[in-house]
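The values are calculated or read from the model by the stated rules, or taken from the named source; none is laboratory data. None of these values were measured; they are calculated from a predicted model. Note that each Cβ is placed from the backbone with ideal geometry, even for glycine, and that neighbours are counted across all protein chains shown. Areas reflect the complete protein model, heavy atoms only, side chains present, ligands, DNA and RNA absent. Shrake-Rupley method; radii C 1.70, N 1.55, O 1.52, S 1.80 Å.
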Amino acid sequence: CMLFLVAGGVAQLTNWRVISSTGNVMSVGVGIYWDDQCVGGVSSINWGVIEPGSSKNVTIYVRNEGNAAVTLSLNTTNWSPAKAPDYMAVSWDYGGQTINPNEVTRVTLTFSVVPNVEGITNYSFDVVIYAVT
């Protein structure tokens, strides 16, 4: 586009281009579900009564709800009583594979208690699963 302007008796030429811009802001998120259709969301897990020296498994489905490929990490927090992680642990069978947007992967969480657990009759903790780009 070329424009000829006269302002205050002085002629000026102006030239411009418009550049359209589109894109996405990277978002990262995971959803945790009981089923592979991602209908029933997981908000808590009741491990029930567990004997010393044993373990229990729970299968969940993790969906990448962001728009970037991610890998997953697992952590536990807020243990009660505070000494519980000395005797108890949570692990999983997730192999570190990349999960693409909207992709669902099945994982099994395993809750284990050592044989010599002492002084714990009730327990609680939070399982944290987070996505990393």
Multiply the residue separation of Val30 and Thr76 by 0.36 nm, subtract the distance between their alpha-carbon atoms, and state the gained length in nm to one decimal. 14.9 nm
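Would you work out the relative contact order for the chain, in percent, from Cα pairs under 8 angstrom that are 6 or more residues apart? All intermediate terms of the calculation are to be shown ahead of the outcome.
Numbers: 242 pairs, mean separation 38.7, N = 133.
Relative contact order of the chain: 29 percent.
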Simple spin-label estimate for Val132/Asn116, 7 Å along Cα→Cβ, in nm, reads 3.2
Could you tell me which of Gly66, Thr108, Val30 has its Cα farthest along the dipole of the chain towards the positive end, charges placed at Cβ (Lys, Arg +1; Asp, Glu -1), taken about the Cα centre? Gly66
Can you give the Rg and Dmax of the chain based on its C-alpha atoms, in angstrom? 26.8, 95
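Heavy-atom accessible area per residue, segment 8-121, 1.4 Å probe: how many Å²?
About 64 Å² of surface per residue is accessible.
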Selected from Thr59, Thr121, Thr105 as most flexible by GNM, with the chain as the system and alpha-carbon contacts under 10 Å: Thr121
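Heavy atoms only, probe 1.4 Å: what % of the accessible area of the chain goes to carbon and sulfur, would you let me know?
On the way: 4300 of 8720 Å².
Whole-percent figure for carbon plus sulfur exposure: 49.
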Linear extension gain, Ala68 paired with Thr108, 0.36 nm per residue minus alpha-carbon span: 12.1 nm
Label points 7 Å out from Cα along the Cβ direction at Val49 and Ser20: separation in nm? 6.7
Thinking of segment 56-133 as a set of Cα atoms, what percent of all their pairs are more than 14 Å apart? 64
